[in-house]
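K.L.:
Got a structure for you, written out below as structure tokens; questions coming shortly.
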Amino acid sequence: MLREIELKRGLKDVYIDKTMVSFIDGQVGKLLYRGYNIRDLAEKSSFEETTYLLLYGTLPTRRELEEFDATLRSNRSLPKEVVQIIRLVHKAHPMDVLRTAVSAMAAFDPETRDNSLEATRRKGIRLTAQAPTIVAAHSRIRQGLEPISPNPKLNHAANFLHMLFGKEPPDDETEIIDKDFVLHAEHGINASAFGARVAASTASDFHSAVVAGIGILKGPAHGGAAEEVMKMALDIGEEDRSKEYARKILDSGGRIMGFGHRVYKTVDPRSIHLREEVQALGEKKGQPKWFRILSKVEEVMRPYAGRGIFVNVDFFSGTIYHLLDIPQDLFVSIFAMGRIPGWTVQVMEQYSDNILLRPMLEYVGPMDLEYVPIDQRG
Ligand code: CMC
């Protein structure tokens with residue numbers, strides 16, 4: 001007799017291991033990286049420092065941070081063959097290009113086959129440094145422009161904007177992107193981190209795990225939502241159309257992108273910071289309407305709070321990128337660039353006490369059918 005099976009569809013509320021990396025309390029909207037509140041990190045840290053914290057487990061001393069930052073700055077260049085591959089696939093979606101380029105990086109990384117923790121961390125640092133160069137190079141190539149070399153004088157966020165637009169960004173825009181990277185750097189066992197850990201659990205290599213993460217992040221239920229939110233805002237166009245537009249989506253059984261979360265049953269703490277940035281940046285750029293459009297959509301979604309559906313990180317991030325003149329189809333790649341430290345540390349944690357991640361499916365199809373030779377089938 002078959003044993004009774006308890007299905008956990010979507011792995012909802014299933015704990016698969018212990019972690020020392022992130023703590024998420026979805027009921028009160030609390031997120032900690034290595035014990036530090038995301039609120040403090042967003043306000044006081046930098047992406048470089050937060051990456052160090054995630055990868056080494058403690059905040060760096062000034063000297064450690066300087067050395068770490070120098071390592072990041074000196075690892076930004078891409079092998080020319082990878083730039084050539086980007087040229088070959090430049091018509092694809094930026095996430096497909098990023099996934100392809102990261103996969104290709106495995107052929108050039110000196111430690112691809114070394115799954116030790118130290119080598120994995122070094123690979124993660126290199127890829128964290130290189131990902132913006134990939135995204136920016138592709139953006140330029142598809143416009144018929146030449147990629148811009150990384151500028152070692154600029155920090156991670158400023159260098160990305162410099163390589164994307166060909167000019168040094170103002171400090172306030174660098175700070176916004178830096179904060180955005182901090183807020184996206186890690187988020188526990190979300191779908192893409194889970195995918196990366198599944199790859200690592202077979203003792204596959206770091207680049208394969210990150211390629212899995214990028215492929216999973218792309219989906220609109222995960223990182224792809226920011227792009228969809230901005231499409232919605234553009235489609236709405238004017239503040240007074242917001243409510244009717246949002247209601248129409250909901251009445252036809254659709255979802256408002258940038259709302260809802262598997263873990264947060266209150267406001268996503270990351271969205272609080274991005275909300276402030278959208279409002280301030282919109283005013284500065286003379287485009288306050290996007291914030292107003294989104295605020296009206298939020299009003300329509302208010303009754304959904306009773307069902308645990310609140311604003312998430314993707315609701316405001318896309319508008320920030322839009323206000324910075326970043327094309328919509330780059331939004332999720334920016335999320336991916338920020339998340340590489342998170343995937344790295346998740347893979348390191350998986351390797352450090354590995355167990356094959358291999359759940360079960362309950363078979364509900366026909367059984368014991370008789371095999372009929374092909375010429376006797378009706
Ligand atoms: N708008 C309207 N209704 C929603 C929404 C939404 N955005 N999200 C969930 N619901 C409803 C859903 O229709 C369902 O209703 P019912 O029980 O009547 O069928 C109920 O809430 C539960 O939805 P679910 O899909 O079972 O919940 P989940 O925990 O599996 O989904 C989610 C989480 C993020 C996939 C979902 O909320 C969603 O699709 N949101 C829109 C996409 C989005 O913003 N994604 C970004 C997530 S945060 C950043 C990241 O992780 O990358």
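K.L.:
Of everything in the stretch 118-132, what is closer than 10 Å to residue 55 by Cβ and out of contact with any Leu (no Cβ under 6 Å at 6 or more places or on another chain)? Give them in sequence order.
P.N.:
Within the stretch 118-132, 120, 122, 124, 125, 128 qualify.
K.L.:
When you scan the stretch 316-339, how many residues do you find that are of a type in the set (S, T, N, Q), crowded, with 18+ Cβ neighbours inside 10 Å and away from the ligand (no atom under 11 Å from the Cβ)?
P.N.:
Of the residues in that region, 2 qualify.
K.L.:
Picking from 19, 50, 58, which residue would you name as being part of a helix (DSSP H, G or I) and among the hydroxyl-bearing types (Ser, Thr, Tyr)?
P.N.:
Every option except 50 fails the conditions.
K.L.:
Additional query: Going through the stretch 22-47 one residue at a time, which ones are surrounded by fewer than 21 Cβ atoms within 10 Å (Cβ to Cβ) and either at positive phi or assigned to a loop (DSSP other than H, G, I, E, B) (or both)?
P.N.:
Hits for the stretch 22-47 are 26, 27, 28, 29, 34, 35, 46.
K.L.:
Further question: Would you be able to say whether some residue in the stretch 212-223 is out of contact with any Leu (no Cβ under 8 Å at 6 or more places or on another chain), of a type outside the set (D, E, K, R) and more than 16 Å from the ligand (Cβ to nearest atom)?
P.N.:
The answer is no; no qualifying residue exists.
K.L.:
Does residue 374 satisfy being among the β-branched types (Val, Ile, Thr) and more than 18 Å from the chain's Cα centre (by Cα)?
P.N.:
Criteria met by residue 374.
Each row is one residue, and each column tells you yes or no for (1) within 13 Å of the ligand (Cβ to nearest atom); (2) closer than 28 Å to residue 44 by Cα; (3) not charged (D, E, K, R).
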| position | (1), (2), (3) |
| --- | --- |
| 162 | no, yes, yes |
| 239 | no, no, no |
| 244 | no, no, no |
| 249 | yes, no, yes |
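K.L.:
Let me ask something else about it. Among the residues of the stretch 264-315, count how many are surrounded by fewer than 17 Cβ atoms within 10 Å (Cβ to Cβ), outside any helix (DSSP H, G or I) and either outside the structural domain of residue 229 (by TED's automatic domain parsing) or near the ligand (Cβ under 8 Å from one of its atoms) (or both).
P.N.:
1
K.L.:
Can you tell me how many residues in the stretch 1-53 are touching a strand residue (DSSP E or B) at 6+ places or on another chain (Cβ under 9 Å) and over 17 Å from residue 182 (Cβ atoms)?
P.N.:
Residues of the stretch 1-53 touching a strand residue (DSSP E or B) at 6+ places or on another chain (Cβ under 9 Å): 21-25, 30-35, 37-39, 41, 45, 50, 53.
Adding the requirement that they be over 17 Å from residue 182 (Cβ atoms) leaves 25.
Qualifying residue count for the region: 1.
K.L.:
Also, quick follow-up: Given the condition within 11 Å of the chain's Cα centre (by Cα) and either within 16 Å of the ligand (Cβ to nearest atom) or farther than 19 Å from residue 351 by Cβ (or both), answer yes or no: does some residue in the stretch 167-181 qualify?
P.N.:
Scanning the stretch 167-181 turns up at least one residue that is within 11 Å of the chain's Cα centre (by Cα) and either within 16 Å of the ligand (Cβ to nearest atom) or farther than 19 Å from residue 351 by Cβ (or both).
K.L.:
Just to be sure I understand the filter: pairs with C-beta atoms under 7 Å, separated by 6 or more residues or on different chains, first member in the stretch 228-256 and over 19 Å from residue 318 (Cα atoms) and assigned by TED's automatic domain parsing to the domain that holds residue 298, second member within 11 Å of the ligand (Cβ to nearest atom) and of a type in the set (A, V, I, L, M, F, W, C). Which pairs pass?
P.N.:
Going by the 7 Å Cβ cut-off, the qualifying pairs are 243/300; 247/300; 249/256; 250/256.
K.L.:
Looking at (1) among the acidic types (Asp, Glu); (2) in contact (Cβ under 8 Å) with a residue 60 or more places away in the chain; (3) not assigned by TED's automatic domain parsing to the domain that holds residue 337, which is the only condition residue 205 fails?
P.N.:
(3)
The values are calculated or read from the model by the stated rules, or taken from the named source; none is laboratory data. Here the structure is a predicted model, which means the values were calculated and not measured. Backbone-built Cβ (ideal geometry, glycine too); neighbour counts: all protein chains shown.
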